[in-house]
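FYI, it's all coordinate maths here, none of it is from the lab. Since we're looking at a predicted model, the values are computed, not measured. When we count neighbours, we look across all protein chains shown, and the Cβ atoms used for this are built from the backbone with ideal geometry, even at glycine.
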2 protein chains.
Amino acid sequence: MDKKDHKLLYVPGPVEVKEDVREACAKPMIGHRTGDFRKLYASIKPKLKKLLYTENAVMVSTSSGSGFMEAAVKNLVGKKVLNCVNGAFSKKWYDIAVACGKPAEKLEVEWGKAVKPDMIDAKLKTGGFDAVCVTHNETSTGVMNNLGEISEVVKKYPDVMFLVDAVSSMGGVKIEVDKLGIDMCLASSQKAFALPPGIAFASVSERAFKKAGTIPGRGYYFDLVELRKAYDKDETPYTPAVSLMYGLDHQLDKFFKEGLDARWERHKRLAKTTRDWAGRMGFQIFPEPGYESITITCIVDTKGMDLKKMQEMMGEKGFSVDKGYRKLNEDLAAKGKKLTFRIPHMGDTSDGDLSDLLKAFEEVIKVL
Amino acid sequence: MDKKDHKLLYVPGPVEVKEDVREACAKPMIGHRTGDFRKLYASIKPKLKKLLYTENAVMVSTSSGSGFMEAAVKNLVGKKVLNCVNGAFSKKWYDIAVACGKPAEKLEVEWGKAVKPDMIDAKLKTGGFDAVCVTHNETSTGVMNNLGEISEVVKKYPDVMFLVDAVSSMGGVKIEVDKLGIDMCLASSQKAFALPPGIAFASVSERAFKKAGTIPGRGYYFDLVELRKAYDKDETPYTPAVSLMYGLDHQLDKFFKEGLDARWERHKRLAKTTRDWAGRMGFQIFPEPGYESITITCIVDTKGMDLKKMQEMMGEKGFSVDKGYRKLNEDLAAKGKKLTFRIPHMGDTSDGDLSDLLKAFEEVIKVL
C-alpha cells in the first residue's frame, strides 16, 4: 500500500509521515477518562517541555495550529495586539484577531523580508499594546524571523504578551521558550513533528494563564483556563485525538533518541544543502539574506520554468511537491517578477531523502 | 500488540475501534490542498448526507463534538437560546452558550427523564428565543429524547433554529435530518461511528448558513461561513485531521455495506438484549420507560454492588467498562438512592461481542 500509489510528500505540510509513526497512531483505543490516558498525557508533557526548554505548561489541543492562534488572541489580548505581518500566515493571525473582535494593528513588512526588532520597538513605543504576535517561520515566503533579537525588544515591555506561531519551525529548530520569554509558543503536528495533522501544541506561561482568567469572552473550546485545569490532572476538557497523541509520544521519543542538538544540526544541514543546491542550479533564494528558514527553502525560479509542469513531472517521479504559495506568486506575477517554489526539509527528512528529492528536481529541471 | 495488553473498550466513548479502521487511518499522508484530499472529502460528503437523510451540507471539523456545539451557539444564536437540560451533556451545551456570552435559558428536567415536546412548547411560547438546543441521547443517563415529537413543536416556531447534539446517537440511530427540520445536527467520531476521537460532523441547513452570516463574533475556527466556503471546494479552511478522515470514509463504506436499515435494527436489537439481560439479572433501567437509549443502557444497580470493584474485575477479564457517570452517581448517593452503571452498545459492536461482554458481567456480578 505504501509505495505503489503514494507520492512522497514534500509539500510544506503536511509532510511525509513514516510508517512507524502511522503504526503508533494505530494502536488500540483507550478511554480518555482512564488511567491509561492520563499515563499517556503524563508521558508527553515533560517531553514537550524538554523540546521547548521550558518549565511552562505545554498543552495539546485537538485542532489545527489555527485553533491555538485563536486561543492566543482570545485569551491573552485585552487591549490591543500588534501583528507582525510578513507573509500569509502572519497575516492570518491578524485576520483571526479581527474575527475575534480584538483591536489589532499590523506591522507590515514586505513579503520575503524579516520583521526587525527596531520595527517592533517603534510600534510598541506608541503604547496601548498588551500583546505582540510573531510568526517565527513564514511558511509562505521561507523567511525565519530572529526570535532572539525580537525577544530582547519585547522584554522591554513587561505588560506585553509575547505570542509566537512556531507552526513550521517547532520540532525542527531550537526554540528556548523560557530564555526568550515567550508567553505562548504554538505549533501543529503536521510540520516539523512529522505527524498526521489534527493536533496542536502550545507552551503557556504562568503569567499568561493568570491574564487569561481576567479576559472575558474566551469562549469554550479554546479557553486556556479550562484547558489548564484539565492539564493539571493529565486530562483534556473534552475528548482528545488519542490516536494522534500516541503518535506524538512515539515521535518525541525518536526526537530524544536522535538527540535534540543533532536534530537541530540536521535541520540546519538540510537547509544549507538545499540552498547550496539551489545556488549551483542557478536559482536565487527568495528570503532576505540572513533570514533563510531552516525548515523550508523558498526559491526564486530565475529560469522562468512552468512550475505546474514541474509539479506534475515531480509527481510522475513519485514526489508530491509545491509550486509556490499562490498568493505570493500572484503578487510577484502582477509586479512582473519571477515566481517562487518551496522545498521543505523538516521532520523526519534525512540527508539521503533530501538527496533523492533534489536529484529528481534536477532531472525534471533539465527537461524543462 | 492488539490482544495482549489491550482491554476491549466498553466505556461510553471512545468505543472500541476495529483493526481495519485503525489501518485505514494509517494510510500514507497526503497534502490537504491537493486533488487527493479533495477527492477524499468529496467521497465522504454524499455518504454523510445519505446517513442523515439530508440535502444539507454535512461538514467535518477537526475537533471534538464540543467544538461544533460551540459553533452552533456562536453562529446561530442571535437573541436567546433555550437549552433543554436533562443530563450532563445537555447541561454542558448550556455552559458553552454562557461561556460564549449568549443569552441562554435552561429548561431543566430531572436526570433520567426525557424532555417532552409540551415543555419546550411552553417555554418557546414565552417568546424571545431564536434557537433551541436538544441533546438527542443523554450519554450520562441513557435517556434518548424523542426527536420526532420535539420537531413537531419546534416547527411551530419558524424563527427558532433547531440544534441537535447527536454525539452518541448519530451513526447508530436513524436521524432523518430533513424530515425533522434540524438546522444543525452534530456528532463526533468516537461514539457510534466507532472511529478514533478527533473529528466531528455536522449537517447545517441553508437557512442556518444564511443566519450565521448575520451573527457577529463568530470567531475564526468555528465560523460556519468560512467552513462552508471551503466545503464547497471540497476543502477545509485549515489543515484537517486527514488520517481520521481516511478512517471515516472507510467506516461509512462499511455502514452502507451493512445497510442503514440493518444498522439501525442491530442497534435496537443490542439495546433490547441489554435491557432484557438487565431485567433477568434483577436490575432496573434508569431512564423513564419509553425513552431508553438505543446506543447505551443506563442500569440501576439494585444489588448495591461495589461498582469500582466491578470495573476492576471486568478489567481483569479484558473489558474496560463504566462505573456510572460520576456527577449522576454523586447526586443519587446524596439522595440515598441506588447508583447506576452504563453499558454502551454502539458502533461496530456485534450480537456476539455484546454476548461476550454480558457473560463477563454475569460472572463478575455473581462473585460480587
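Determine the dipole magnitude for the range B:19-257: charges of +1 sit on the beta-carbon of Lys and Arg, -1 on that of Asp and Glu, nothing else is charged, the reference point is the Cα centre, and the result goes in debye to the nearest 20.
In total the dipole reaches around 320 debye.
Output the relative contact order of chain A, whole-number percent, from Cα pairs under 8 angstrom with separation of 6+ residues.
23
If amide H atoms are built 1.01 Å from N in the plane of the peptide, which residues on other chains or at least 5 residues away come under 5 Å of the amide H of A:Thr340?
A:Asp301
Please report Rg (one decimal) and Dmax (integer) in Å for the Cα set of the protein assembly as shown.
Gyration radius and largest Cα-Cα distance of the protein assembly as shown: 26.2, 82 Å.
Which aspartates and glutamates have a Cα lying under 17 Å from the Cα of A:Lys155, excluding residues fewer than 8 positions away in the same chain?
Straight-line reach from A:Lys155, under 17 Å: A:Asp118, A:Asp121, A:Asp130, A:Glu176, A:Asp178, A:Asp183, A:Glu206.
Over 24 Å between Cα atoms, which of A:Lys91/B:Lys102; B:Lys337/B:Lys366; B:Lys113/B:Lys303 qualify?
Beyond 24 Å: A:Lys91/B:Lys102.
Quick query: amide H of B:Leu107 versus all other amide H atoms, modeled in the peptide plane; which residues come in under 5 Å with a sequence gap of 5 or more or a different chain?
Here the answer is B:Asn83, B:Cys84, B:Val85, since their amide H atoms fall under 5 Å of that of B:Leu107.
Run the quick spin-label model on B:Glu258 and A:Glu235: label points 7 Å from Cα toward the beta carbon, then report their separation in nm to one decimal.
My value for the distance between the label points is 2.9 nm.
Test of understanding: ordering A:Leu8, A:Leu244, B:Leu270 by Cβ neighbours within 10 Å, fewest first, what list do you get?
A:Leu8, B:Leu270, A:Leu244
Of all the C-alpha pairs in the range A:19-257, what % are more than 27 Å from each other?
In whole percent, the share of Cα-Cα pairs in the range A:19-257 beyond 27 Å is 30.
Once the label point is placed 7 Å from Cα along Cβ, list for B:Lys257 the distances to the corresponding points in the other copies, in nm, shortest first.
Result for B:Lys257, in nm, nearest copy first: 3.3.
Provide A:His32, B:His136 in ascending order of the number of other Cβ atoms located within 10 Å of each residue's Cβ, fewest first.
Going from sparsest to densest Cβ surroundings: A:His32, B:His136.
Roughly what % of Cα-Cα distances in the range A:235-276 sit above 16 Å, to the whole percent?
56
Can you list, shortest first in nanometers, how far A:Gly279 lies from the same residue in the other copies, with each label 7 Å from Cα toward Cβ?
Taking the point 7 Å beyond Cα along Cα→Cβ, the inter-copy spacings are 8.2 nm.
Run lengths n ≥ 4 of DSSP H only: what is the helix-derived mean residue ellipticity at 222 nm for chain A, with -39500 (n - 2.57) per run over all residues, to the nearest 500?
For chain A, the value works out to -13000 deg cm²/dmol.
Once the label point is set 7 Å along the Cα-to-beta-carbon vector, what list of distances in nm do you get between A:Glu330 and its counterparts in the other copies?
Here A:Glu330 shows inter-copy label distances of 5.2 nm.
For the range B:329-368, taking Cα atoms only, what is the radius of gyration to one decimal and the Dmax to the nearest whole Å?
For the range B:329-368, the Cα radius of gyration and maximum Cα-Cα distance read 13.9, 38 Å.
Take the alpha-carbon centre of the range A:186-232, take the same for the range B:131-151, and report the distance between them in whole Å.
The two parts, judged by their Cα centres, are 31 Å apart.
In this model, which of A:Lys79/A:Lys123; A:Lys308/B:Lys254; A:Lys338/A:Lys359; B:Lys7/B:Lys338; A:Lys45/A:Lys174; B:Lys39/B:Lys254 are farther than 26 Å apart at the alpha-carbon?
Violating the 26 Å limit, Cα to Cα: A:Lys308/B:Lys254; B:Lys7/B:Lys338.
Rank the residues B:Arg22, A:Arg33 as a footprinting-exposure proxy: fewest other Cβ atoms within 10 Å of their Cβ go first.
The order, fewest Cβ neighbours first, is A:Arg33, B:Arg22.
Expressed as a whole number of Å, what is the distance separating the alpha-carbon centroids of the range B:325-368 and the range B:251-306?
About 11 Å separates the Cα centre of the range B:251-306 from the one of the range B:325-368.
Do any GluC sites (Glu not before Pro) in the range B:29-137 lie in a DSSP loop with no more than 12 other beta carbon atoms within 10 Å, and if so, which?
In loop regions of the range B:29-137 (DSSP not H, G, I, E or B), the sparsely surrounded GluC sites (Glu not before Pro) are B:Glu55, B:Glu110.
Which value, in debye to the nearest 20, gives the size of the charge dipole of the range B:6-92 about its Cα centre, when Lys and Arg are +1 and Asp and Glu are -1 at the Cβ?
340
State the answer as a single residue: which of A:Ser320, B:Gly213, A:Val177 lies farthest towards the positive end of the charge dipole of the protein assembly as shown, with beta carbon charges of +1 for Lys and Arg and -1 for Asp and Glu, about the Cα centre.
The one lying farthest along the dipole's positive direction is B:Gly213.
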